[in-house]
Amino acid sequence: MFLSQVGLLHHVPDLTFNGYTLVPTFRGRTVSLINMFGARIHSWTLPGRLGSLAYLLPGGRLLCSVVTTEGPPLRQAKGGHMLELDWDGNVLWEHIDHSQHHDLRRLPNGNTLYIGWREMREADAARVRGGIDGTEHEGKIYEDYFREVTPSGDTAWEWATSSLRIEDYPLASGVRRAEFAHGNTCSQTPGGDILINFRNTDMMAIVSRSEKKIIWERREFVWGRPHDPQILPNGNIMFFANGAHDMLAPQTSSVIEFDPKTGTEVWRYEADIPWHFYSHVMGGCQPLPNGNVLICQSAYGRIFEVTRSNQVIWDYVNPDFDSQFPRGRQKANCVFRAFRYAASSPELVGRVL
């Protein structure tokens, strides 16, 4: 089983989407690009420990963040120093915001969108409902802001969770009250608005860029602290449903595609044996051009590809146990998200692989 083996476990060449998979070890120092047989063919050594995710831009450039020690006293997927590296690891762009955490995205206009933390005003924090009583951080609650910066670092757009009617968005019963509401995803929709996701309220939403307000949302407790929603070319949304419910067993994760207009679920991947696919934190999914889906079972460093008939056709476990998650002396190989690129993609075309 994948829990006792590392590297490539399974490969059905005739069914997979052939390409190269980026494996950024969460909190590790190395980002690896592997081929379909699990062999590392390129890597980047980072100037610090990876904050959360890394992914490729056209031309073989790597966008990522590394952890800084300054900033708010929260550490879940914290970065702080955002970097764009060339193929050889040279720094092409950087921006420091010690509050940055979880996600960052390069936008078509060349700007960068990311999530940050800031302390809530006392009056706003008093309006936060739910969560575990008494688990604020030294009596304080921190909110998320979503900020777009230009290449020179100027703020081009920003929206924060305190603009919500806070009472209408209670925290889930089993989460700490240090955060309202633990954003983990930000991306631009085809129409230019911002798709976001909040783990601690089991909610995804679209924020109007022009009006700076939520124009669509969906909340489902059964998702169990979701991650990585993304809009597909057909207008549906696919995301990683962690299934991390309190006091429910057996716990299992899912990858779900649904129609946001009707709420109808159109596809779901779950393991036949529930605990064979479960990540209580993090998690990602990437729809591939051939219709398959690449899934990142983050907590165990497992990356696998499935068909739409739910057949596992490629299965790999990260052999890099440099992750600093969980804590202490425990070794881990976590991967926040992973990405597959074709050799002919804009990200890799012309590179010697």
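Since every read-out is calculated from the coordinates, none of them should be taken as a lab result. Computed from a predicted structure; not experimentally measured. All Cβ positions, glycine included, derive from the backbone under ideal geometry; neighbour counts span all protein chains shown.
Neighbour counts of C-beta atoms inside 10 Å place HIS11, HIS95 in the sequence HIS11, HIS95, starting with the fewest.
Can you find, among THR135, TRP44, GLY116, the residue farthest towards the positive end of the dipole of region 40-139? Put +1 on the C-beta of Lys and Arg, -1 on that of Asp and Glu. Of the listed residues, the answer is TRP44. A Gaussian network model of the chain, with springs between Cα atoms under 10 Å, assigns the largest mean-square fluctuation among GLY89, GLY80, GLY131 to GLY89. Taking θ as phi - 60° and the Karplus parameters 6.51, -1.76 and 1.60, the scalar couplings of region 300-309 work out to 10, x, 9, 10, 8, 10, 10, 7, 6, 8 Hz in sequence order, x denoting glycine and proline. Solvent-free Debye calculation, one equal scatterer per alpha-carbon of region 7-341: log10 I(q)/I(0) at 0.06, 0.14 Å⁻¹ equals -0.19, -1.17.
The count of lysine pairs in the chain with alpha-carbon distances below 28 Å, taking only pairs 8 or more places apart or on different chains, stands at 8. Oblate is the label for region 263-352. Its Cα gyration tensor axes, ordered a ≥ b ≥ c, give a/c of at least 1.5 and b/c at or above a/b.
When the helices of the chain are scored as -39500 (n - 2.57) per DSSP H run of n ≥ 4 and the total is divided over every residue, the value at 222 nm lands at 0 deg cm²/dmol.
Under a model in which nothing but the beta-carbon of Lys, Arg (+1) and Asp, Glu (-1) is charged, region 194-353 shows a dipole of about 440 debye around its Cα centre.
Between the C-alpha center of region 35-99 and that of region 277-329 there is a gap of 19 Å.
Amide H contacts under 5 Å for GLU179: TYR142, restricted to partners 5 or more places along the chain or on a different chain, H placed in the peptide plane at 1.01 Å from N. Backbone geometry of region 104-112 corresponds, through the Karplus equation with coefficients 6.51, -1.76 and 1.60 at θ = phi - 60°, to 3J(HN,Hα) couplings of 8, 9, 7, 8, x, 7, x, 6, 10 Hz, x marking Gly and Pro.
Residues in region 154-165 carry Karplus couplings, in order, of 6, 6, 9, 6, 7, 8, 10, 5, 5, 7, 6, 7 Hz; the curve used is 6.51 cos²θ - 1.76 cosθ + 1.60 with θ = phi - 60°, and Gly or Pro positions show x.
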